[in-house]
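What follows is one structure encoded as C-alpha cells, with my remarks underneath.
The values are calculated or read from the model by the stated rules, or taken from the named source; none is laboratory data. Just so it is clear, the model here is predicted, and its values are computed rather than measured. Quick reminder, even Gly has a Cβ in these numbers, built from the backbone with ideal geometry, and neighbours come from all protein chains shown.
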Amino acid sequence: MKKIGSVLIVLIIVGLLFGTLMGCGGKKETPAKEAQKAEQPAKKLKAGFLYIGPVGDYGWSNAHDVGRKYAQSKLPWLETVIVESVPEGDAIRIIDRLVNEEKCDVIFTTSFGYMDDTVKAAEKYKNTLFFHCSGFKRAPNLGTYFAELYQMYYLNGLMAGVLTQSNKVGYVGAFPISEVIRHIDAYALGVKEANPKAKVEVRWIFSWYDPAKAKEAAQSLVAAGADVLAFTEDSPSVIEVGQEHMKKGKKVYTFSHYSPMQKFGEDSVVSGQLVDWGPMYVKILTDVYNGQKDFTNYDLWWLAAENAALLGGEIGQPINPKFVDLLKSKKIKSKDLGEMNAYDYVMKRYEQVKANQFEPFTGPIKDQKGVERIPAGKKADPAHLLSIEYFVDNVVGEIPRK
Amino acid sequence: MQLGSYQISVGWEVRKKQTPLLSALTLLGALGIGLIWVGLVFVFLGVDPLFALQKILIGSFGSLYGWKESLTKGIPLFLISSGLCVAYQAKFWNIGAESQLLMGAVWSTWFGLHIGASLSPTLGIPLMFFMGFLGGAFWGVIPAILKVKFGISEVISTLMLNYVAAEFVSYLIVGPWKGTTKYGYPYTDDLPKHLLLGTIPGTRIHYVTLALGIVISLLLFILLYRTKFGYEVRVVGESPEAAKYAGIDFFRTSLWIMIISGGVAGMAGVGEVAGIHHHLSYPGNISAGYGFTAIITAWLGNLNPLGSFLSGLFFAGILVGGDAIQISLRLPAATVHIFNGILLFVLLAGNFFLNHRLVVQLRRK
C-alpha cells in the first residue's frame, strides 16, 4: 500500500511538471481551426499515409512509400506525413491525429483492414478526403484505389510453364483471400497455356510477412519436385531458396514479387511482378488539387495498361538478361498467336495486356472439380475477379474453407 | 580485490525496508535519468528534446484526446496485469496471457455469433464476458496441470501455448469461421449489433470493460491482501515447502491462480473483440502484444493489482504518446521502441536499486 502511495505522489509531481512544461510552449487546440482551414488559399496540400508494416519491409508498405516519394517529387505543392506499422485496430486513433494535429487534407489508408475505420473517419471528418487502398466502400469524401498484378502473374506463368522440367510449378501463398487466389489462378493459366501437362502446387503460410515460414514452404515445394517458384510474401526468402539451389547446381527458377528482388537471386530470378503506385498517387492528388469534390464513384483499378503493374524482377528489365537466350530456345504455341519462341511470346502477350487486347481469364475456364466457371469465349468481369474463390483446374492444393 | 593492504569487497545486500519517501525518490530519479537519456537520443536524431517530450505528453496525458486513447489502450493492459499479479505473487510464471486473451476472444466470439444473437444485451453481454473468462481460464489451467502433475515448467508451456493459440485463431478465421460478409478476407462476421460494447460518446472507451477492469483490480487486491486464499498464494510464492507443511493444497491453489489469471486475460479479449474490432481477425490485430506488455506493467506495479492499474495506464499513455514520435517528429516507428525500452530499463533498474543496496567494504588485512 505504501508503494502505491508513493507511486501516486510521483505521478502527481510528474504530472505537475509536465503541466508547466506544456503551459510554456503548448499549442492549444482552437475551435476555429475548421474556419482557418477554409480561409487558407488551396495552394498547398497535405497528405497523410497510414502503412500497415514498416516502410523498410520489402513489399507492400515499402512500395506505397516509394509511390509517395514519387508523388512528392512530382508535385511541388504537396506535403506528406507517414505513419508506419499501424495495427488495424489503431487506425482511427492515427487518423484522428493526422486530421486534428497535423491538419492533413487528404489521408491514404493503405490496408484492407483499415476499411471500416476509414469509413467511420470519413463520416466524422467531412472536410477531409480519404482514399482507401483495396477496399470497396465509398462516400463523397472517400474514394478507393488499387494496383492489380494478375496479368503479370499470368506472364510469369507462361515462363514457368516452359522452364519446368518436372512439370511441377510451386507457389507459396500468404493468405487464401481472393487477391492471392486470383494471382495463383492467373499464374496457373499462364503455365497451362505454355505447358498443358504442368501442375501448380500451392503451399499456404498464413502470413504476409514471415521469412522463416516462406523459406520452409519453398523448401518443401522443391523437395516435392517443383523447380519453378512464385510467391506472395513480403520478403525475398523464396528467391533465396532458389538462389541457394542454383548455386548447388540444381535448377530452381523463381519470380520476384512486388518489389525489385532480382538482386537477391541473380541466377534464379527469371522475371516477376512489380508495382508502381507513384503515378496513381500523382493522379489522385492532382484530382484533389484540381478541386474534385465528389468521390462517390472514384474507384481506380489500375493494371498494366496504366503502368501500375510492370513485368520484371528489376525495374527496366522485364526479363532477367541471363535467361533471355534460354527462353528464346523454347517454344509456346497458341491459336491466336501461332508458334513463337517463349521470349517473343511473353513480350507479345505483355504488349497485348498493356493495350487491353488480351484477358488471361478468358473462357473456357474450369475449376478443380471440373465445373465450368467462365464459358468459352467470355472474359471475366472485374467483379468475378475481385471475389474469385476457386482454383483453376491445373492447380493442386486446397483453399481452406468451411 | 586488493588495494595495498586493504581488501575491498563489493556486493549486493537486500534492502529490507523501503520507506515511501525512498520509493518516491527512486521512481523520480529513475524517470529523471530516463528522460535525460531519451532526450539525448532525440538530440542525436536532430530533434529538440523539449519539443519532443512536450508532443509525447500532449499526446498521452496532456490533452483530452490523449486521455481518451490512453484509457482505451490501458483497458486490456491493466485487466491482464492485475490477473498476472496473482500468478506472479505465487511465483507461477504465466507468460501466456497473450494466448489467454486470444482464447477469451475466441470463446466469446463463438458465443456472440451463435447463442448471443438471440439474447438480449443485458443477458448476452455478461454471458459473453463469462465465456471469455472461461476461455482464458481453460487455456490457463492447462499449464497449471502440466506443472503440478508432470513437472513441466510453466514458463515453457505458457510461452509455447501462445503460438498454439495464435495458429488456432489464424486457422479459424481463414477456415471454418471465415465470415460470409467479409469478401473473402480472413475475418469472422461482425458480432450482432446489440452485443457490441457501448463506448463513451466521442471516444473508443468501451466503458463496460473499463468498469470491469477497475472492479477486478480492486477485487484482486482484496483477494491477495485480505483473504486466506491471498495469504496462501503468497506463501506458495515465498516457499512451496512451507506451504506444504502448512497444509496448503498446491494443486488446488495453482489451478485457482491460473483460472483467475487466465480468465481475466480472457475478459480483456472480449473487450477487444466486442469493444474495438467487432469481429475476430488476425491474432496480431486482436492483441497488439498486450499479453506481453502486461507482464511489464505487472512488475512496474510491484505485483500489486492496484499498482498495476496505474502502471498499465501509464504504459498505455507511453504507447499512445509514442504516436507523436512518428507523426509530429517524423521519426521512424522504431524510435518508439527505443523510447519505451529506455523508460522500461530505468524503471526496472530503479526497482532493483530500491530493493538492493550496493555494499562496498574496505577491510584492513
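B:Leu191 - would you say it is farther than 17 Å from B:Asn285 by Cβ and touching a residue at least 12 places away in the same chain (Cβ under 8 Å)?
Against the criterion (farther than 17 Å from B:Asn285 by Cβ and touching a residue at least 12 places away in the same chain (Cβ under 8 Å)), B:Leu191 does not qualify.
Considering only residues in the stretch B:165-186 that are assigned to a helix (DSSP H, G or I) and small (Gly, Ala, Ser), the one that is farthest from the other protein chains (Cβ to nearest Cβ) turns out to be B:Ala165.
Among the residues examined, B:Leu84 qualifies as more than 14 Å from every other protein chain (Cβ to nearest Cβ), surrounded by 13 or more Cβ atoms within 10 Å (Cβ to Cβ) and within 30 Å of B:Tyr225 (Cβ to Cβ). Residues considered: B:Gly104, B:Gly59. Of these, the only one that is buried (at least 22 other Cβ atoms within 10 Å of the Cβ), within 13 Å of chain A (Cβ to nearest Cβ) and small (Gly, Ala, Ser) is B:Gly59.
Does A:Asp344 fit the bill of being surrounded by fewer than 17 Cβ atoms within 10 Å (Cβ to Cβ), free of Cβ contacts under 8 Å to residues at least 12 places away in the same chain, assigned to a helix (DSSP H, G or I) and assigned by TED's automatic domain parsing to the domain that holds A:Val200? If you could, list the steps in order and put the result at the bottom.
On the way: surrounded by fewer than 17 Cβ atoms within 10 Å (Cβ to Cβ): yes; free of Cβ contacts under 8 Å to residues at least 12 places away in the same chain: no; assigned to a helix (DSSP H, G or I): yes; assigned by TED's automatic domain parsing to the domain that holds A:Val200: yes.
Taking the combined requirement at face value, the residue does not satisfy it.
Take A:Glu372 and decide whether it is in contact with a Ser or Thr (Cβ under 7 Å, 6 or more places away or on another chain), acidic (Asp, Glu) and in the same structural domain as A:Glu179 (by TED's automatic domain parsing). For A:Glu372, the condition - in contact with a Ser or Thr (Cβ under 7 Å, 6 or more places away or on another chain), acidic (Asp, Glu) and in the same structural domain as A:Glu179 (by TED's automatic domain parsing) - is not met. Exactly one residue out of B:Leu354, B:Leu331, B:Leu303 is within 12 Å of chain A (Cβ to nearest Cβ) and either free of Cβ contacts under 8 Å to residues at least 24 places away in the same chain or farther than 29 Å from B:Gly11 by Cβ (or both), and it is B:Leu331. Contact map, the stretch B:2-22: residues that are within 26 Å of B:Arg363 (Cα to Cα) and within 14 Å of chain A (Cβ to nearest Cβ) paired with residues that are part of a helix (DSSP H, G or I) and at pLDDT 80 or above, Cβ distance under 6 Å, separation 6+ or inter-chain. Pairs shown: B:Arg15/B:Asn355.
Just name the residue that is surrounded by the most Cβ atoms within 10 Å (Cβ to Cβ) out of those in the stretch B:334-351 that are of a type in the set (Gly, Ala, Ser) and away from chain A (no Cβ under 11 Å).
Step one: list which residues in the stretch B:334-351 are of a type in the set (Gly, Ala, Ser), which gives B:334, B:341, B:349-350.
With the extra rule that they be away from chain A (no Cβ under 11 Å), the set shrinks to B:341, B:349.
Working: B:Gly341: 11, B:Ala349: 14.
Of everything passing the filter in the stretch B:334-351, B:Ala349 is surrounded by the most Cβ atoms within 10 Å (Cβ to Cβ).
Of the conditions (1) more than 9 Å from every other protein chain (Cβ to nearest Cβ); (2) closer than 21 Å to B:Ala324 by Cα; (3) in contact (Cβ under 8 Å) with a residue 24 or more places away in the chain, A:Asp65 fails just one. Which one is it? Tallying (1) more than 9 Å from every other protein chain (Cβ to nearest Cβ); (2) closer than 21 Å to B:Ala324 by Cα; (3) in contact (Cβ under 8 Å) with a residue 24 or more places away in the chain, A:Asp65 fails exactly one: (3). Candidates in the stretch A:79-104 are the residues that are within 15 Å of B:Leu319 (Cβ to Cβ), within 8 Å of chain B (Cβ to nearest Cβ) and of a type in the set (A, V, I, L, M); of these, the one that is nearest to the chain's Cα centre (by Cα) is A:Val83. Residues being in a loop (DSSP other than H, G, I, E, B) and β-branched (Val, Ile, Thr) are entirely absent from the stretch B:208-217.
Kindly check whether there is at least one residue in the stretch A:158-173 that is crowded, with 24+ Cβ neighbours inside 10 Å, of a type outside the set (D, E, K, R) and out of contact with any strand residue (DSSP E or B) (no Cβ under 8 Å at 6 or more places or on another chain). Checked against the condition, which is being crowded, with 24+ Cβ neighbours inside 10 Å, of a type outside the set (D, E, K, R) and out of contact with any strand residue (DSSP E or B) (no Cβ under 8 Å at 6 or more places or on another chain), the stretch A:158-173 yields no hits at all. Of these, A:Gly67, A:Gly48, A:Gly113, which one is modelled with pLDDT of 90 or more, part of a helix (DSSP H, G or I), closer than 27 Å to B:Ala334 by Cβ and not aromatic (Phe, Trp, Tyr)? After applying the criteria, what remains is A:Gly67.
Can you work out which of the residues in the stretch B:6-56 that are touching a strand residue (DSSP E or B) at 6+ places or on another chain (Cβ under 9 Å) and of a type in the set (A, V, I, L, M) is surrounded by the most Cβ atoms within 10 Å (Cβ to Cβ)? Before you say what the answer is, go through the steps one by one.
Step one: of the stretch B:6-56, the residues touching a strand residue (DSSP E or B) at 6+ places or on another chain (Cβ under 9 Å) are B:6-15.
Add one more test, that the residue is of a type in the set (A, V, I, L, M), and what stays is B:8, B:10, B:14.
Details: B:Ile8: 11, B:Val10: 9, B:Val14: 7.
Restricting to residues being touching a strand residue (DSSP E or B) at 6+ places or on another chain (Cβ under 9 Å) and of a type in the set (A, V, I, L, M), the top hit is B:Ile8.
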